[in-house]
Amino acid sequence: MRIDIAVRKSILKGISLSVLIYILPVALLFLTFSIRGQRPWESPFSAGQALMLHRWNDYGVSLFILALGVVEFLVGLYDRERWSGNEKLTDIACFAFPLLILRPFVTYFGLRVLPFLLPGVRNVFAWVPFWWGFFIISVADDLTQYWYHRLHHQIPWLWRFHRTHHSAPYMGMSMASRQNVFYTFFFSQIYLTSALVYLGLGPSAILVQTIKSAITIMAHSSIPWDKPFYKYRVLHPVARVLARLISTPATHHAHHAASSDDGVGYYKGNFGNMFFLWDVIFGTAHISRQYPKAFGISHYQGDPWYAQVLWPVFKSNIKGSELAPDGPMVRVEAQPEQQTLRTTE
């Protein structure tokens, strides 16, 4: 199955624009130094602040995830009827893999592989001020993940590596880590960010990852925390900015919708992770301020958890599934014509 010509042109055009966006924060950094006559190797960030942020990233985010999960269950917002034993095993396996395997590997990559590949340049950019480093990593990390995510939807042979994230017929904080092992392992942005940390932007990276983790988890959560911004007129100006800046339940739940027939679901867009702004810039945004009634893949029949987590090593026994031995690369179903940018406000 080939990539649609229009999609190919859109990807090439978007990547060309992305190169300029990657360069922008670095260019602004040096422009600011030039205007102010500052010495770039002077950084106001202290080791004590870095340690404080490191501890918050380790413990604060973990406590936040635990609290959010408890709230979802206690108030009945998690769709327990559709959370079968097979789905539980899928979610648990996907949650455990990054903690038990990926994190140690990324640590090894930063401590052993990068010094071997890039000897003599450790902390070469440690002079970059903390907030400029935060700006640089926010753009580099999240824009890279936007493209990684988008390409898995638009390049047919990549779709099955990402399909697990969309198979669940429910939404909740556990969805944030529900991914095929190989999709997670080859996350392009984690290696880019690891390189930037190695080059001296570690403290900034800690804060970026803390904020990004919180936004991503809250966007997948079954708690519609953004609903008041759409309901009350006095908050509408805030809603207009918020919905276009970061991922929210309304915009990201639309990405996980089972169908786009209702004008709310939009799984062919809304690819942003931390920043929804990328979708706005690249024409893949759909803002409806509403929430889908059904989630997942319309033809999903409960592929075994091991196939969802470890495809293509293990295949599904569900006939016609994209994860089955003889399954299609992408199961095509008739859908309404896609629009590039839609808003209903």
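The values are calculated or read from the model by the stated rules, or taken from the named source; none is laboratory data. Just so it is clear, the model here is predicted, and its values are computed rather than measured. In this analysis, Cβ positions are derived from the backbone assuming ideal geometry, glycine residues included, and neighbour counts consider all displayed protein chains. Note: areas computed on protein heavy atoms with side chains; ligands, DNA, RNA excluded. Shrake-Rupley method; radii C 1.70, N 1.55, O 1.52, S 1.80 Å.
Residue-wise test of (1) hydroxyl-bearing (Ser, Thr, Tyr); (2) touching a Pro at 6+ places or on another chain (Cβ under 7 Å); (3) closer than 22 Å to Thr107 by Cβ.
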site	(1), (2), (3)
Phe161	no, no, no
Tyr170	yes, no, no
Gln179	no, no, yes
Phe186	no, no, yes
Ile190	no, no, yes
Leu201	no, no, yes
Lys212	no, no, yes
Ala219	no, yes, no
Ser222	yes, no, no
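Are there any pairs, at least 6 apart or on different chains, whose C-beta atoms fall under 7 Å, with the first in the stretch 188-211 and farther than 20 Å from Tyr146 by Cβ and the second of a type in the set (D, E, K, R) and surrounded by fewer than 21 Cβ atoms within 10 Å (Cβ to Cβ), and if so, which?
Tyr198/Arg122
More than 19 Å from Asn273 (Cα to Cα) and crowded, with 17+ Cβ neighbours inside 10 Å: is that true of Val128 in this structure? Explain how you work it out, then say what you get.
On the way: more than 19 Å from Asn273 (Cα to Cα): yes; crowded, with 17+ Cβ neighbours inside 10 Å: yes.
So Val128 passes the test.
Is one or more of the residues making up the stretch 131-152 surrounded by fewer than 16 Cβ atoms within 10 Å (Cβ to Cβ), of a type outside the set (Lys, Arg) and more than 15 Å from the chain's Cα centre (by Cα)?
yes
Do you know which residues across the stretch 93-125 are surrounded by 15 or more Cβ atoms within 10 Å (Cβ to Cβ), over 16 Å from Ile206 (Cβ atoms) and within 19 Å of the chain's Cα centre (by Cα)?
Ala93, Cys94, Phe95, Phe97, Pro98, Leu102 - these are the residues of the stretch 93-125 that are surrounded by 15 or more Cβ atoms within 10 Å (Cβ to Cβ), over 16 Å from Ile206 (Cβ atoms) and within 19 Å of the chain's Cα centre (by Cα).
Restricting the stretch 279-309 to residues that are β-branched (Val, Ile, Thr) and touching a Lys or Arg at 6+ places or on another chain (Cβ under 8 Å), which is surrounded by the fewest Cβ atoms within 10 Å (Cβ to Cβ)? Lay out the reasoning, then the answer.
So the first thing to find is which residues in the stretch 279-309 are β-branched (Val, Ile, Thr), and the list is 280-281, 284, 287, 297, 309.
Then drop every residue that is not touching a Lys or Arg at 6+ places or on another chain (Cβ under 8 Å), which leaves 280, 284, 287, 297.
Numbers: Val280: 17, Thr284: 25, Ile287: 23, Ile297: 20.
Restricting to residues being β-branched (Val, Ile, Thr) and touching a Lys or Arg at 6+ places or on another chain (Cβ under 8 Å), the top hit is Val280.
Just give me the residues in the stretch 197-218 being charged (D, E, K, R) and within 14 Å of Gly133 (Cα to Cα), in sequence order.
Correct list: empty.
If the requirement is being among the β-branched types (Val, Ile, Thr), assigned to a helix (DSSP H, G or I) and closer than 23 Å to His166 by Cα, which of these qualifies: Thr216, Thr193?
Step by step, each of Thr216, Thr193 is checked, and only Thr216 is among the β-branched types (Val, Ile, Thr), assigned to a helix (DSSP H, G or I) and closer than 23 Å to His166 by Cα.
Say whether the condition of being in a helix (DSSP H, G or I), buried (at least 17 other Cβ atoms within 10 Å of the Cβ) and touching a residue at least 60 places away in the same chain (Cβ under 8 Å) is met by at least one residue in the stretch 255-278. It would help to see each step written out before you state the result.
Within the stretch 255-278, the subset in a helix (DSSP H, G or I) is 255, 277-278.
Then keep just the ones that are buried (at least 17 other Cβ atoms within 10 Å of the Cβ); that gives 255, 277-278.
Add one more test, that the residue is touching a residue at least 60 places away in the same chain (Cβ under 8 Å), and what stays is 278.
Yes; the residues of the stretch 255-278 include at least one that is in a helix (DSSP H, G or I), buried (at least 17 other Cβ atoms within 10 Å of the Cβ) and touching a residue at least 60 places away in the same chain (Cβ under 8 Å).
Sort out for me the helices (runs of 4 or more DSSP H) sitting completely within the stretch 78-163 that have 3 or more residues that are modelled with pLDDT under 90.
85-97, 103-108
For the stretch 4-41, enumerate the residues that are assigned to a helix (DSSP H, G or I), free of Cβ contacts under 8 Å to residues at least 60 places away in the same chain and open to solvent by 80 Å² or more (accessible area, probe 1.4 Å).
Ile5, Arg8, Lys9, Leu12, Lys13, Leu20, Ile23, Phe30, Leu31, Ser34, Ile35, Arg36
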